[in-house]
Amino acid sequence: VLEVVEYVGRRATDIDNIARCIPLTPIFGLQRNAEILACDSGIKTPVGKETCSRILNVLGEPIDKKGPLKTKLTRFTHKKKAVALNNIEGAKGSLRFEVMETGIKALDLLFPLIKGTRTGILGGAALGKSILILELMHNIIKKQKGFCVFTGAGERIREGNELYNELLKQKILDRSVLVFGQMNESPGARFEVVHTGITLAEYFQEEGEDVLFFIDSVYRFAQAGAELSTLLGRIPSETGYQPTLTSEMSDFQERIRSASHAAITAIEAVYVPSDDLTDPAVVCIFSYLDSILILSRQHVQLGLYPAIDPLSSSCSYLDPVIVGKRHFNVAAGVLKVINRYEELRRIVSIVGIEELSREDRVLFERAQRLRNFLTQPFFTAELYTGKKGEYVPLEKTLDGCERIISGDLDKKPAEELYMIGAL
């Protein structure tokens with residue numbers, strides 16, 4: 001299957017018109033002068049509740065060997081016209097903010113997930129992006145109503161297999177749709193699969209259902225666009241990426257929006273090449289995110305999982321009006337202690353903890369307890385860690401942090417707070 005993307009025109013040496021196409025399926029056996037069939041249509045994908053518990057490719061075809069889809073409903077994956085803004089009630093345009101509890105202490109405390117927003121998980125290779133995505137799916141789908149759409153853009157086949165088996169094991173596959181454009185597929189499939197995924201999410205939204213939209217990884221989508229741009233003969237920008245990077249990213253991201261009757265909540269994994277947060281593709285993605293979770297290699301080396309760097313990360317919705325005064329004050333207190341810890345850590349590494357004042361030493365040790373308390377064993381990592389996963393309600397997270405900051409646990413060794421659930 002080839003998608004026409006550019007009309008070149010007629011050449012003097014050719015009989016017919018020339019068009020540039022991108023392949024969405026394997027092109028083994030394709031040759032010059034081969035006969036083609038014009039479909040006179042854009043890419044369509046099947047939609048409907050019948051797609052739940054199925055694994056689809058970029059064309060909406062099942063690849064799980066469970067037989068054909070039973071739905072006859074289809075939707076174009078690209079929209080000719082965006083929905084008028086006055087018909088949309090965006091997350092920030094509404095006076096009601098619904099906080100979605102994730103059961104992950106660090107997220108619920110410092111980076112609350114709000115229905116209808118976009119959250120990005122950024123990090124280099126082997127920092128735990130996919131595991132964190134899996135854990136969020138596991139914890140949120142069980143607690144929330146609605147549907148889940150997972151889009152795998154340019155990631156490993158192994159990860160898709162693990163995701164499917166995990167959803168099957170946890171009995172949440174019946175409300176989930178998995179769409180894959182895998183690493184071994186053509187750049188056309190890896191690029192277009194995100195539009196297939198968001199089309200499925202939009203259908204559920206039109207039906208009045210809230211949707212959790214996961215994508216792993218947005219960077220691979222941008223990378224596939226760069227490959228296509230080169231194949232189409234476009235001159236790259238000064239940064240090395242395609243000149244259309246911004247428009248391609250907006251075409252996709254602007255479709256993740258909330259209506260008055262239902263919301264699409266997006267959680268996006270973003271691979272950061274060489275841990276370089278100034279990479280042009282990563283910077284382009286930044287502007288669309290409401291919350292940015294940056295995974296730290298230093299935290300991984302110290303065994304602090306999830307490896308979220310609380311000082312480098314940010315959240316637009318950590319506000320007392322949205323999360324409540326108590327939550328905001330506790331979060332602010334935690335960030336203040338951790339920030340002071342980073343300042344003292346540099347001093348301690350040179351002269352030792354004994355040279356600190358009594359007040360600074362107490363604060364330094366409390367920060368160590370806080371850092372350990374914000375670690376957590378995941379359900380989806382039980383096979384690797386050997387520890388049973390923990391779901392921690394927000395109230396217990398707030399209680400634990402308040403006790404540590406106030407000094408109630410000053411006599412408790414920091415090691416005893418590592419990889420536990422609630423206190």
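Quick note: the coordinates plus some simple rules give every number you see, no bench work behind them. Quantities reported herein were computed from a predicted structural model and do not represent experimental measurements. In this analysis, Cβ positions are derived from the backbone assuming ideal geometry, glycine residues included, and neighbour counts consider all displayed protein chains.
Dividing the helix sum by the residues of the chain, where each DSSP H run of 4 or more adds -39500 (n - 2.57), gives a mean residue ellipticity at 222 nm of -11000 deg cm²/dmol.
Dividing the C-alpha radius of gyration of region 324-417 by 2.2 N^0.38 Å, with N its residue count, gives 1.21. Hull volume per residue, based on the alpha-carbon atoms of region 370-423 and their convex hull, is 68 Å³. Counting Cα-Cα pairs of region 181-276 in 5 Å increments starting at 0 gives whole-percent bin shares of 2, 12, 21, 22, 18, 12, 7, 4, 1. Build a GNM of the chain with springs between Cα atoms under 10 Å apart, and of Ala266, Ala38, Ala189 the one that fluctuates most is Ala38. The alpha-carbon of Lys387 sits under 24 angstrom from the alpha-carbons of these lysines, leaving out residues fewer than 8 places away in its chain: Lys105, Lys129, Lys142, Lys143, Lys169, Lys171, Lys396, Lys412. Entry for the chain at q = 0.08 Å⁻¹: log10 I(q)/I(0) = -0.49, Debye formula applied to identical alpha-carbon scatterers, no solvent contribution. A straight Cα-to-Cα reach below 17 Å connects Lys388 with the aspartates and glutamates Glu135, Glu166, Glu416, residues fewer than 8 places away in its own chain not being considered. Multiplying the residue separation of Asp399 and Leu30 by 0.36 nm and subtracting their alpha-carbon distance yields 126.5 nm. From largest to smallest, the equivalent ellipsoid semi-axes obtained for region 238-345 from the alpha-carbon gyration tensor read 28, 23, 11 Å.
Residues whose amide H comes within less than 5 Å of that of Val5, counting only those at least five positions distant or on another chain, are Arg20, Cys21, Ile22 (H built at 1.01 Å from N in the peptide plane). Seen from Leu344, the other residues with C-beta closer than 15 Å to its C-beta sum to a net charge of +2, counting Lys and Arg as +1 and Asp and Glu as -1. Averaging the Cα positions of each part gives two centres, and for region 20-64 and region 223-246 these lie 23 Å apart. A cut-off of 5 Å between modelled amide H atoms, ignoring neighbours fewer than 5 places along the same chain, links Arg54 with Leu178.
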